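Quick note: the coordinates plus some simple rules give every number you see, no bench work behind them. Keep in mind that what you see is a predicted model, and the values were worked out from it rather than measured. Because the Cβ atoms are built from the backbone with ideal geometry, glycine has one as well, and the counts that use them run over all protein chains shown.
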Amino acid sequence: MITITTTSNKKYKYHKPKYVCGIVKRRCEEEMMIRILEISKCAEGANVTKIVYSANLNFKSASFLIEKLLKFGMLEKVNGKDARYRTTDKGLKAIEKFRDFSKMFK
């Protein structure tokens, strides 16, 4: 945890970024989309709040990625009183392929 003090004496705390070979490691869009698919693969699906907190995303990013996954046919909207999303068969196949691909580099 890093604490930064501004000129107006306000203190902000930040998590120290992860470094790999001197480069800040960030998640790519595909990794974030796969995480959303994994969270949403239960039978009842997941609402946006659960996706945001479980995937460690903000609402704007999560909404953008959810719309993309809906367009690709990897997520479906579940009918109910609140907006819930469930992973489709195409999304489950994408998770499997991503895992297989990731294993090649470990």
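Amide H contacts of Arg84 (H built 1.01 Å from N, in plane; Pro and chain starts excluded): Val78 sit under 5 Å, all sequence-distant by 5 or more or on other chains.
In sequence order, the stretch 81-95 has phi-based couplings of 6, 10, 6, 10, 10, 10, 6, 8, 4, 4, x, 5, 5, 5, 4 Hz under the Karplus curve 6.51 cos²θ - 1.76 cosθ + 1.60, θ = phi - 60°, and Gly or Pro positions carry x. With R₀ set to 41 Å, the beta-carbon distance separating Ser102 from Lys10 gives a calculated FRET efficiency near 0.50.
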